[in-house]
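The values are calculated or read from the model by the stated rules, or taken from the named source; none is laboratory data. What you see is a predicted model; the values in this text were computed from it and never measured. No Cβ is skipped: glycine too gets one built from the backbone with ideal geometry, and neighbour counts run over all protein chains shown.
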Amino acid sequence: MNWKSLACCVSAAALFASTGCSTQSGAAMAEADDKTAEAPLLADQTSEAKSEKTNNPDHEQHKVAVMKPKEIAACPVMGNVNPPSARNTAAGVMSNGDWWPNQLNLKILHQNSAKGNPMGDEFDYAKEFEQLDLAAVKADIKQLLTDSQDWWPADYGHYGPLFIRMAWHSAGTYRVGDGRGGSGYGTQRFAPLNSWPDNASLDKARRLLWPIKQKYGDKISWADLMILTGNVSLESMGFETFGFGGGRADVWEPQEDIYWGPESEWLGDKRYTGDHHLENPLAAVQMGLIYVNPEGPNGKPDPIAAAHDIRDTFGRMGMNDEETVALIAGGHTFGKAHGAGDAKNVGPAPEGATIEEQGLGWKNSFGTGKGADAITSGLEGAWSTTPTEWSNGYFDNLFGYEWVLTKSPAGAHQWTPKDEAAQGTVPDAHDPLKTHAPMMFTTDMALKMDPAYGEISKRFHENPDQFKQAFSKAWYKLTHRDMGPVTRLLGPEVAEPQIWQDPVPKADYKQINDADVAKLKTKLLDSGLSTGELVSTAWASAATFRGSDKRGGANGARIRLAPQKDWTVNQPEKLAKTLAVLEQVQKEFNDAQTDGKQVSLADVIVLGGCAAVEDAAKKGGFDVKVPFSPGRTDATQEMTDVESFSYLEPKSDGFRNHINAEIDRPAEELLVNRAQLLTLTAPEMTALVGGMRVLDTNFGDGPLAELGVFTDKPGTLSNDFFVNLLTMDTAWEKSAVCDHFFEGKDRKSGEVKWTATRVDLIFGSNSQLRAIAEVYASDDAKEKFVNDFVAAWAKVMNLDRFDLPSRN
């Protein structure tokens with residue numbers, strides 16, 4: 001191999017605090033440590049339990065065994081409890097990751113194991129949801145909204161604003177960069193989200209909802225209930241929502257795959273580099289915030305600078321300027337912010353609270369600690385004169401007054417009207433004898449002072465119906481963006497397909513049968529396309545799928561449309577040649593049909609890959625049938641949001657041994673990240689990489705195409721990749737050409753036998769991956785490897801087939 005001819009390919013919130021304002025001001029909520037919190041419900045439950053025992057006739061015989069609190073004379077526990085670092089059941093114990101921080105994290109490929117799921121393997125949430133009386137649930141939620149509880153009284157006698165914030169913050173963690181975050185799994189219940197400074201007091205919102213969740217049980221998930229409650233809250237305050245779709249199945253542990261930022265303290269902002277450039281794929285400006293700092297960047301009350309942060313953050317959520325203004329203004333039409341006193345009065349978040357608090361956090365020692373004395377963000381007051389009614393009051397106040405900078409009782413920067421006539425126009429949230437002036441955040445002022453936002457805000461102010469429609473559609477997008485295609489949404493209130501849901505047309509023709517599939521396979525294998533061309537094209541089409549937000553995949557055949565047809569990783573010139581041949585196969589088949597039967601290009605692309613895999617396995621001595629299910633359709637360019645789809649572009653694809661020139665982390669980490677988005681396990685990832693290498697699917701030409709191809713018979717599906725990687729006859733060393741490339745030399749002769757990337761060598765270097773590779777490299781594993789590769793391949797081809805029973 002002439003390495004000199006190879007150039008190295010690698011260059012060395014709570015903006016929406018409406019309803020209870022959760023975004024932190026300065027150090028609010030972030031500095032809480034060891035204070036405790038009351039749990040009034042616990043006392044009530046204890047009383048009920050005591051009453052039940054007293055009235056139970058069967059209890060008398062057991063009364064000797066009952067120990068009453070007053071009978072405990074002294075604590076029976078002696079000695080001190082060991083610190084977390086000395087206990088193997090405590091998170092504080094040193095892990096392998098602590099000893100070796102650069103160790104590859106394969107745990108993200110095996111999250112939410114069935115062993116941790118109390119519902120069991122057979123539980124089908126979609127079937128349970130279909131049995132739900134949605135109208136009855138909504139009626140119960142509506143009744144709850146005005147049933148104020150003494151332990152956490154409702155502002156203005158209505159919990160709607162609080163629940164809107166809960167729903168907003170559940171959905172608002174979504175970012176388009178990697179599709180992670182969002183409301184799809186109900187993870188607001190778990191750390192770190194349940195204890196983010198921006199989510200202060202949302203523990204109370206979920207606790208208020210518990211009786212409804214308890215009543216309907218398995219038929220509605222926490223994930224769905226939180227979003228539905230936000231919708232019902234809007235409707236109960238006079239707003240007509242655009243729709244609601246269920247289908248969010250709960251998980252039972254925090255999501256380990258989501259990178260929330262590099263900071264080690266709340267509200268840190270180490271995520272910025274250079275000229276205020278926010279690290280990808282992050283969207284929030286500070287650790288523990290959902291969106292931006294309402295006081296302005298780093299608490300500086302500069303509306304123009306705040307507008308920059310807003311545009312960047314909301315753009316990274318997939319929102320344009322009009323959607324952004326609608327969401328902020330619509331959210332701040334309701335409720336109030338809470339900053340009655342200094343944040344030093346607030347105790348630790350739920351994850352750091354004491355055990356008797358039972359999952360509640362942020363105990364407030366200021367006054368009563370609730371109601372008028374509540375402290376959430378540090379900012380204080382309402383935006384509108386009617387905080388529990390849909391109106392145009394937000395814009396009326398924003399444009400109706402001249403605003404001046406002031407501070408809240410907690411010392412947070414906010415804005416107040418200069419005009420004294422504004423005094424007394426806003427009712428108090430708890431005392432009917434008190435009134436206030438409206439207030440605005442620095443981020444609200446940005447909607448007036450930024451030229452583009454200001455123009456939109458003025459138009460919305462003058463055209464209330466436009467504002468209403470814009471907020472309705474933006475709210476639906478916010479709360480459903482991570483749900484994938486519209487076919488995944490359940491219930492009677494699902495809206496018509498939206499462009500951001502990547503719609504595909506319905507098939508208006510008969511599907512091909514098994515005999516047709518067999519004929520098409522023969523045509524494809526005789527088309528002149530190589531195994532590598534057929535396999536890599538099918539992979540490129542299907543592997544855009546992201547399990548995070550259920551976008552991408554082969555359905556729609558968007559690989560032939562902008563922007564996918566022009567992505568570097570897809571080698572546009574080669575792709576165009578291959579697609580032309582596949583389109584001709586499709587045309588010839590369809591033209592020959594007389595009974596209304598047709599095949600889509602999307603199906604032909606996938607079938608070509610399946611046929612090539614079968615043929616490659618046959619060359620290796622194994623007859624296998626790769627599962628194939630027709631039914632994909634072909635989308636049009638008009639159905640495709642080019643900008644939105646650009647986020648699905650693989651910057652690096654370890655399965656094709658493609659490394660982007662500007663990678664910001666080791667290639668093997670990018671491989672595991674992509675495998676996680678493809679919902680693969682470590683064995684599936686391993687089998688696919690090994691198979692793709694020997695099937696000659698690498699990115700590039702010449703020496704680049706030979707990286708990791710550890711076989712002398714490319715195009716044959718074999719376990720050669722693993723056999724030749726693990727042999728001790730080969731010694732590896734870095735290439736003189738590039739630190740990211742390696743040469744495998746014969747230990748005796750010194751002759752270069754193979755070349756590889758970090759992605760290739762990680763399967764021999766990482767102890768866990770090597771253990772898996774050893775299975776596939778064994779003499780008796782040839783057939784097992786072929787079968788495992790076929791299974792993993794079929795899985796990837798069908799990841800976006802939510803119409804198949806196996807995917808639902």
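SER548 fulfils the conditions (1) crowded, with 17+ Cβ neighbours inside 10 Å; (2) part of a helix (DSSP H, G or I) except for a single criterion, (2).
Of all the listed residues (ASP198, ASP224, ASP218), the sole one being in contact with a strand residue (DSSP E or B) (Cβ under 7 Å, 6 or more places away or on another chain), in a helix (DSSP H, G or I) and either under 24 Å from SER377 (Cβ atoms) or among the charged types (D, E, K, R) (or both) is ASP224. Consider SER652 carefully, then state whether it is at pLDDT 95 or above, within 26 Å of the chain's Cα centre (by Cα) and among the small types (Gly, Ala, Ser). No, not satisfied. Note on region 346-373: residues that are buried (at least 20 other Cβ atoms within 10 Å of the Cβ), farther than 15 Å from ARG207 by Cβ and aliphatic (A, V, I, L, M) amount to 1.
Right, THR522: polar (S, T, N, Q), surrounded by fewer than 16 Cβ atoms within 10 Å (Cβ to Cβ) and assigned by the TED database to the domain that holds ASP566 or not? For THR522, the condition - polar (S, T, N, Q), surrounded by fewer than 16 Cβ atoms within 10 Å (Cβ to Cβ) and assigned by the TED database to the domain that holds ASP566 - is met. If you check GLY330, GLY359 for being in a helix (DSSP H, G or I), under 25 Å from the mean Cα position of the chain (by Cα) and not aliphatic (A, V, I, L, M), only one passes: GLY330.
When region 309-327 is filtered for residues that are assigned to a helix (DSSP H, G or I) and among the small types (Gly, Ala, Ser), the ones remaining, listed by number, are GLY315, ALA326. Restricting the first member to region 92-108 and to residues that are more than 22 Å from GLY764 (Cα to Cα) and not assigned by the TED database to the domain that holds GLN768, and the second to residues that are assigned to a helix (DSSP H, G or I) and of a type outside the set (D, E, K, R), the beta-carbon pairs closer than 7 Å and six or more apart or on different chains are GLY92/PRO84; GLY92/SER85; VAL93/PRO84; VAL93/SER85; MET94/SER85.
Summed over region 396-418, the residues that are surrounded by 14 or more Cβ atoms within 10 Å (Cβ to Cβ) and of a type in the set (Asp, Glu) give a count of 1. Just one of the listed residues (PHE699, PHE721, PHE710) is aromatic (Phe, Trp, Tyr), crowded, with 20+ Cβ neighbours inside 10 Å and over 20 Å from ASP615 (Cα atoms), namely PHE699. Please work out which residue is nearest to the chain's Cα centre (by Cα), limiting yourself to region 138-188 and to residues that are surrounded by 21 or more Cβ atoms within 10 Å (Cβ to Cβ) and β-branched (Val, Ile, Thr). Once the filter is applied, the top-ranked residue is THR173. So which residues in region 89-113 are part of a loop (DSSP other than H, G, I, E, B) and in contact with a Leu (Cβ under 8 Å, 6 or more places away or on another chain), if there are any at all? Answer for region 89-113, where residues must be part of a loop (DSSP other than H, G, I, E, B) and in contact with a Leu (Cβ under 8 Å, 6 or more places away or on another chain): LEU104, LEU106.
Mind telling me which of the residues LYS477, LYS473, LYS468, LYS458 ends up being among the charged types (D, E, K, R), closer than 29 Å to LEU405 by Cβ and either not in a strand (DSSP E or B) or not assigned by the TED database to the domain that holds GLY393 (or both)? That would be LYS458, the only listed residue that is among the charged types (D, E, K, R), closer than 29 Å to LEU405 by Cβ and either not in a strand (DSSP E or B) or not assigned by the TED database to the domain that holds GLY393 (or both). The single condition among (1) part of a loop (DSSP other than H, G, I, E, B); (2) touching an Asp or Glu at 6+ places or on another chain (Cβ under 9 Å); (3) over 23 Å from SER548 (Cα atoms) that GLY243 does not satisfy is (3). If you filter region 616-663 down to residues that are basic (Lys, Arg) and part of a loop (DSSP other than H, G, I, E, B), you find that the one that is farthest from ALA515 (Cα to Cα) is LYS651. Among the residues of region 124-143, those identified as touching a helix residue (DSSP H, G or I) at 6+ places or on another chain (Cβ under 7 Å) and not in a helix (DSSP H, G or I) are GLN131, LEU132.
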